[in-house]
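Comments concern the structure below.
The values are calculated or read from the model by the stated rules, or taken from the named source; none is laboratory data. Owing to the predicted nature of the structure, the values given are computational and were not obtained by experimental measurement. A quick note on method: Cβ atoms are made from the backbone with ideal geometry, for glycine too, and the neighbour counts reach across all protein chains shown.
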Amino acid sequence: MPSASAGAGRGRTDWRRFAVVTVVSVSASAAVLTGMGEGALAASFQVSGQSFAVSFDHLTGEGFQQYAAVDAGADGAVHPVAQTGIRRMTARRMCQSVAVPLPAVGDVVLRMTAGDRGEPVTARNLVVDTETLRAEAEFTGVEIGRDAGTVRELPGGTGPAGAFAQRADRVEMSHLRQRARAATAGTFLLPDLSMRTGTDVPECR
């Protein structure tokens, strides 16, 4: 795990290069297998065969939690993810995209942007099933290695008992880039929403 920066106050961790890759560590893989055995599927629906990109220029969240889980596809495939929850989120300049292979035309990109003109993107009880994530991040009130069955940042958002989890009272991330399998939210406000679709549309970077 990244180390706390020199001079950081108690309970505050400044992770200048925060990265999550859910399939790297043996402990995360073990937690995924345990979760499968205990029925700890992340998304409440069967996921598609494609992951999607999501980026924010800046994100602030209250009530952060994260633990390993799995998403299941209709074809029976399982996908290890880090189920990342934020109780209240405010963000600037969101971009979301996915490349969908279609017969005869090839990859078609669906790209959506929001929060570009001042009013922020907001969400409540946001859960993202993350495969990879990179950002400049600062966490306040951090607990790493907590039992996933005891995290309570989101309503009904606990993980499998005995599995590894981490939580924080508050998180700030800049230049966030991630790939995810699924996302759910109680509410999601997207001001200045714009969508483009086509074979020449670039994915989010």
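Listed values, structure above:
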read-out	value
Residue within region 177-197 that is in contact with a Cys (Cβ under 7 Å, 6 or more places away or on another chain) and either of a type in the set (Val, Ile, Thr) or over 16 Å from Gln83 (Cα atoms) (or both) present	no
Qualifying residue in region 140-155 (condition: closer than 20 Å to Ala91 by Cβ, modelled with pLDDT under 95 and of a type outside the set (Lys, Arg))	yes
Members of region 136-161 that are on the phi < 0 side of the Ramachandran plot and small (Gly, Ala, Ser)	Ala137, Ala148, Gly149, Gly157, Gly159, Ala161
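The rows are residues; the columns are (1) under 12 Å from Gly61 (Cα atoms); (2) within 15 Å of the chain's Cα centre (by Cα).
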| residue | (1), (2) |
| --- | --- |
| Thr132 | no, yes |
| Glu136 | no, yes |
| Glu143 | no, no |
| Arg146 | no, no |
| Glu153 | yes, yes |
| Gly162 | no, no |
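Conditions (1) out of contact with any helix residue (DSSP H, G or I) (no Cβ under 7 Å at 6 or more places or on another chain); (2) aliphatic (A, V, I, L, M); (3) within 25 Å of Phe52 (Cα to Cα), marked per residue:
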residue	(1), (2), (3)
Arg111	yes, no, yes
Thr140	yes, no, no
Gly159	no, no, yes
Gly162	no, no, no
